[in-house]
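Visitor: My questions all concern the structure below.
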Amino acid sequence: MLGLMMDRPLLISSILEHAARNHGGARIVSARPDGSLVRHTWPEVAARAARLAHALAARGVKPGDRIATLAWNEHRHLEVYYGVSSMGAVLHTVNPRLFPGQIAFILKDAADTHLFVDPTLMPGAQALADQLPDSLKTIVVMGTEAEIPADCPLRGRFEVVAQESLIEGQPETYDWPALDERAASSLCYTSGTTGDPKGVLYSHRSTVIHAMAVLQKDVFSIGAEDVVMPVVPMFHVNAWGIPYAAAMAGASLVLPGPRLDPASLHRLFEAERITFSAGVPTIWTALLQWLRADPSRRFANPPRLVVGGTTLPTAINAGFKKEYGVEIRHAWGMTELSPLGTANSRLPQNADWDEDRFLDYARKQGRALYGIELRVRDGEGREIPHDGVAFGELEVRGPWVAKQYFNRPDDPAFTGDGWFRTGDVVTVDALGCIEIVDRAKDVIKSGGEWISSITLENLILGHPDVQLAAVIGLHHSKWDERPLLLVVPKPGTSPTAGDILGFYEGKVAKWWIPDQVEFVESLPLTATGKLWKAELKQQYKDRSAG
């Protein structure tokens, strides 16, 4: 017997229509490169998205066609988000911080027909002129005709048009099609640090369910009264789903544009009364350092922050909480998970913990959101005990988890019984909270035991003279591998090897402590701001630890 309920598809267009119909009072604020602000409402975003959809349809864009963007967090990008997916085409956000060869590979792999480019990113797009794929017909500059370079080398091979000219005169309403909710909605690529980037093709259904999940109180806890600022880029995993979640809740949305320096972000926090924001650890670490540099710098209304990407050191979290009253919640996810999989919020079992105890616990990535199932298995394929000590590789499944990669049907990251291998090595405690201890490819195997490079890195970041650190394994004739610690000292400091290594005493087992420390001026980072371990391993591949 089937239930007697209406069957309405879960579509991105329904999110936009809901926000425009029921939350016209919310504001959409977009920061321009010069710091000025552009203001809209959800009805205005809906109208401009409709105009864009009409323009693209008139140019022959069909359901399933990929439409690429090279853009920051700003209102025209938001309009492309909704207009493209709602009409049945596929939004393809491209990370402008990737290497030129990777961007060219991604555009070719996706076979995009249109490329929307922020005016500030036109130099990079023009440098790619000879590498752009034959499928690409039109370059849309996300601004006015005046913002198109006069001597644009893309003209000739491609049509080049301004977004404002493209939508001019188009109707402000669109009869959004009743798509299959499993139809593709957007395409995001992994960072490609260990090979070519891999595409993850989201559906309308997965996107809507993911947005519902992140709105929960124990996740992002977003409501209509919130003013939300995604610092995480819209070109990276759809800004963690925030452009959809904010519209679903009817919240106001502040898009910070390309200027993500602490002063610019703090100005927006204060002027727009931001209540919630999300970003990676490097963003929040820089903001804390900037705040501390001047005692007059405060938050009039301390926001709630979420951090993800890599582990935020406890010292940074404690600094925000104790000095500025700002709570930071840890979350974890991946491109393949749309991206959220876990969040670390309090439970009845730890509700009475004091602040210091919970701040230490808050470094963990959290427990599964509803809809996400976790499985952690050791090297023998056995599920590990939930004791917070044993660790193994994390596998996940759920309605917003990829089942295969775009154009890669046989990738070994997906198991025969329907799970995705994340490549993260984790522990699980009695409360179901996971803590990432390493990537499977980065864990150091010493004397038959595993050493977590991430744990060693996070600990040493608590040293007052350490700005950045990385740990990699070097070959050892007896122990197989031993850890090498690479340290970027803070400006004006001159730590010694003994001082640095002595910081580990009493914090980890003696055999975990690196045998060597090397001071360097910088460390390689990926396009998403993470340590680029693959590059480090290549640089030190001929080095031996003994």
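Visitor: Please list, ordered by first then second residue, the pairs with beta carbon atoms under 6 Å, 6 or more apart or interchain, first in segment 287-300 and among the basic types (Lys, Arg), second in a helix (DSSP H, G or I).
Guide: Arg297/Leu291
Visitor: Just one of the numbered conditions (1) in contact with a helix residue (DSSP H, G or I) (Cβ under 7 Å, 6 or more places away or on another chain); (2) in a loop (DSSP other than H, G, I, E, B) is not true of Val38; which one?
Guide: (2)
Visitor: If a residue has to be surrounded by 18 or more Cβ atoms within 10 Å (Cβ to Cβ) and in contact (Cβ under 8 Å) with a residue 40 or more places away in the chain to count, how many in segment 305-322 make the cut?
Guide: Of the residues in segment 305-322, 9 are surrounded by 18 or more Cβ atoms within 10 Å (Cβ to Cβ) and in contact (Cβ under 8 Å) with a residue 40 or more places away in the chain.
Visitor: Which of the residues spanning segment 350-386 are among the polar types (S, T, N, Q) and within 20 Å of Ser338 (Cβ to Cβ)?
Guide: Within segment 350-386, Gln365 is the sole residue that qualifies.
Visitor: Go over the candidates Gly60, Gly64 one by one and state the one that is touching a Gly at 6+ places or on another chain (Cβ under 8 Å), in the same structural domain as Asp196 (by TED's automatic domain parsing) and on the phi > 0 side of the Ramachandran plot.
Guide: Details: Gly60 fails: touching a Gly at 6+ places or on another chain (Cβ under 8 Å).
Going through Gly60, Gly64 in turn, just one is touching a Gly at 6+ places or on another chain (Cβ under 8 Å), in the same structural domain as Asp196 (by TED's automatic domain parsing) and on the phi > 0 side of the Ramachandran plot: Gly64.
Visitor: Could you figure out which of (1) part of a strand (DSSP E or B); (2) modelled with pLDDT of 85 or more isn't true of Lys445?
Guide: It is condition (2) that Lys445 fails.
Visitor: Might you let me know whether segment 103-116 holds any residue that is assigned by TED's automatic domain parsing to the domain that holds Glu159, under 24 Å from the mean Cα position of the chain (by Cα) and assigned to a loop (DSSP other than H, G, I, E, B)?
Guide: Yes: one or more hits.
Visitor: Here's a follow-up. Going by the conditions given, is Val141 buried (at least 22 other Cβ atoms within 10 Å of the Cβ), over 28 Å from Gly250 (Cα atoms) and in contact with a strand residue (DSSP E or B) (Cβ under 7 Å, 6 or more places away or on another chain)? Let's see the steps before the verdict.
Guide: On the way: buried (at least 22 other Cβ atoms within 10 Å of the Cβ): yes; over 28 Å from Gly250 (Cα atoms): yes; in contact with a strand residue (DSSP E or B) (Cβ under 7 Å, 6 or more places away or on another chain): yes.
In short, yes.
Visitor: Further question on the same structure: Pairs, please: C-beta under 6 Å, at least 6 apart or cross-chain, first residue assigned to a helix (DSSP H, G or I) and in segment 147-169, second among the basic types (Lys, Arg)?
Guide: Partner pairs satisfying both residue conditions: Gln163/Arg76; Ile167/Arg51.
Visitor: In segment 132-161, what residues are closer than 27 Å to Asp34 by Cα, over 28 Å from the mean Cα position of the chain (by Cα) and of a type in the set (A, V, I, L, M, F, W, C)?
Guide: Within segment 132-161, Ala146, Ile148, Ala150, Cys152, Leu154, Val160, Val161 meet the criteria.
The values are calculated or read from the model by the stated rules, or taken from the named source; none is laboratory data. Only a predicted model underlies this, so the values are computations on that prediction, with no experimental measurement involved. Glycine gets a Cβ as well: all are built from the backbone with ideal geometry, and neighbour counts include every protein chain shown.
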